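Peer 1: Would you mind keeping the following structure in view while I ask a few things?
The values are calculated or read from the model by the stated rules, or taken from the named source; none is laboratory data. Values in this document were obtained by computation on a predicted structure and should not be read as measured data. All Cβ positions, even for glycine, are placed from backbone atoms using ideal geometry, and neighbour counts span all protein chains on display.
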Amino acid sequence: MALFLGIDGGGTGCRAAVADASGRILGTGVAGPANLTSDPAGTRANILAATRAALAAAVGPDAGEGELTRLVAGLGLAGANTTGASLDLPFARLRLETDAVTAVKGALWGGDGIVAAIGTGSVFASQRNGVIRQIGGWGLVLGDEGSGAWLGRSLLARALRAVDGFVPQTALLAEVIADHRDPAGIVSVARDARPADFAALAPRVLGSSDPAAVAILDQAVADVAAAIAHLQGDNPVPVVFLGGLAPVFARALAGRWDMRAPLGTALDGALILAREAA
């Protein structure tokens, strides 16, 4: 029996699903982050861990390593557009795309629309007549506007700017400085932080009426709106928000465009990708 594997990997975690030829999901698994840019080795390890868990659920706890070689896999990974890293995975066949592609395939199936996927990172993509166009998704150092990691990084950066007098000091920014003992502590933490570490600070922005938090979120909303408007062009299509921060931006931008619920998940899109690879 042919088995298909879908992988949805991002900065927070990796999800796997094993399905049969009819599309029926037989087992699922989860593991740690799978961002190909920030941690290729960890990404490979977490893909395999999630896959083994999904296989155990699908065919039984005695599933051996040989079962991996039966899988036809579709992988949607954060960072797949910014690195040439090789995963060297043992699957029978494999198709690797960015997480934007699998998000679009899952959310829209074959229909026209725009997907704004905003979680630990962010990426935006449109589909028109089956053609997918992606913008963003360049990673936290150069992009990921509006994402949880971007919000957290912006909070730390604004705290340092307040120390220097470029922006007003606020209670929230003073708390951030105190939490890290001093500005040097912020720099030390940020130097080694991964996207998920920055994203852990996002709730302090989202749950606050502090002027600094409001300014950061206003900029995030403006950046997300600009990305969607760019993809809309002169031919508006429905917009679907995905990811952990989807409700935040859907509320903030309500009424701007025709917004619709996704038809499926990025993991569904990864399974579609796997069937296309067969």
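Peer 1: For G11, all conditions in the list (1) farther than 27 Å from V141 by Cα; (2) in a loop (DSSP other than H, G, I, E, B) hold save one; what is the number of the exception?
Peer 2: Status for G11: all satisfied but (1).
Peer 1: Go through the range 160-174 and report how many residues are in a helix (DSSP H, G or I) and either in contact with a strand residue (DSSP E or B) (Cβ under 7 Å, 6 or more places away or on another chain) or in contact (Cβ under 8 Å) with a residue 40 or more places away in the chain (or both). Full working, then the answer.
Peer 2: Keep residues of the range 160-174 that are in a helix (DSSP H, G or I), which gives 160-164, 171-174.
If we keep only those that are either in contact with a strand residue (DSSP E or B) (Cβ under 7 Å, 6 or more places away or on another chain) or in contact (Cβ under 8 Å) with a residue 40 or more places away in the chain (or both) too, we end up with 162, 172.
Matching residues across the range 160-174 total 2.
Peer 1: Another question about this same structure. Quick one: G130 ticks every box in (1) surrounded by fewer than 16 Cβ atoms within 10 Å (Cβ to Cβ); (2) in contact with a helix residue (DSSP H, G or I) (Cβ under 8 Å, 6 or more places away or on another chain) except a single one, so which number is it?
Peer 2: (2)
Peer 1: Among the residues of the range 103-151, count how many are more than 12 Å from the chain's Cα centre (by Cα), without any contact (Cβ under 8 Å) to a residue 60 or more places away in the chain and closer than 22 Å to C14 by Cα.
Peer 2: Qualifying residue count for the region: 3.
Peer 1: Which of the residues belonging to the range 31-46 are β-branched (V, I, T) and buried (at least 24 other Cβ atoms within 10 Å of the Cβ)?
Peer 2: T43, the sole residue that qualifies.
Peer 1: Report yes if G27 is surrounded by fewer than 17 Cβ atoms within 10 Å (Cβ to Cβ) and either under 18 Å from T265 (Cα atoms) or free of Cβ contacts under 8 Å to residues at least 24 places away in the same chain (or both), otherwise no.
Peer 2: The answer is no for G27.
Peer 1: Considering (1) crowded, with 17+ Cβ neighbours inside 10 Å; (2) within 16 Å of A2 (Cα to Cα); (3) touching a residue at least 60 places away in the same chain (Cβ under 8 Å), say which one V59 fails and leave the rest.
Peer 2: (3)
Peer 1: Would you point out which residue out of G6, G79, G32 is closer than 13 Å to L267 by Cα and in contact (Cβ under 8 Å) with a residue 12 or more places away in the chain?
Peer 2: Matching residue, one of G6, G79, G32: G6.
Peer 1: Out of I216, I186, I177, report the one residue that is over 30 Å from R70 (Cα atoms), free of Cβ contacts under 8 Å to residues at least 24 places away in the same chain and touching a helix residue (DSSP H, G or I) at 6+ places or on another chain (Cβ under 8 Å).
Peer 2: Exactly one residue qualifies, and that residue is I177.
Peer 1: Filter the range 98-132 down to residues that are of a type in the set (D, E) and modelled with pLDDT under 90, then give me how many there are. Walk me through it before giving the result.
Peer 2: Step one: of the range 98-132, the residues of a type in the set (D, E) are 99, 112.
Adding the requirement that they be modelled with pLDDT under 90 leaves 99.
Going through the range 98-132 one residue at a time, the tally reaches 1.
Peer 1: Going through the range 98-126 one residue at a time, which ones are in a strand (DSSP E or B), surrounded by 24 or more Cβ atoms within 10 Å (Cβ to Cβ) and not hydroxyl-bearing (S, T, Y)?
Peer 2: Those that are in a strand (DSSP E or B), surrounded by 24 or more Cβ atoms within 10 Å (Cβ to Cβ) and not hydroxyl-bearing (S, T, Y): I114, V115, A116, A117, I118, V123, F124, A125.
Peer 1: Moving on to the next point. Answer yes or no as to whether A73 is closer than 30 Å to N129 by Cα, touching a residue at least 40 places away in the same chain (Cβ under 8 Å) and either surrounded by fewer than 22 Cβ atoms within 10 Å (Cβ to Cβ) or under 14 Å from the mean Cα position of the chain (by Cα) (or both). Even if it seems obvious, please write down each step before you answer.
Peer 2: Working: closer than 30 Å to N129 by Cα: yes; touching a residue at least 40 places away in the same chain (Cβ under 8 Å): yes; either surrounded by fewer than 22 Cβ atoms within 10 Å (Cβ to Cβ) or under 14 Å from the mean Cα position of the chain (by Cα) (or both): no.
No, not satisfied.
Peer 1: Could you run through the range 245-278 and say how many residues are closer than 27 Å to T51 by Cβ, surrounded by fewer than 16 Cβ atoms within 10 Å (Cβ to Cβ) and under 15 Å from the mean Cα position of the chain (by Cα)?
Peer 2: 0
Peer 1: Residue by residue through the range 168-225, note down the ones that are farther than 30 Å from P40 by Cα, surrounded by fewer than 14 Cβ atoms within 10 Å (Cβ to Cβ) and of a type in the set (S, T, Y).
Peer 2: S209
Peer 1: Something else now. Hey, does the range 78-97 have a residue that's outside any loop (DSSP other than H, G, I, E, B), more than 15 Å from P40 (Cβ to Cβ), within 15 Å of the chain's Cα centre (by Cα) and at pLDDT below 90?
Peer 2: yes
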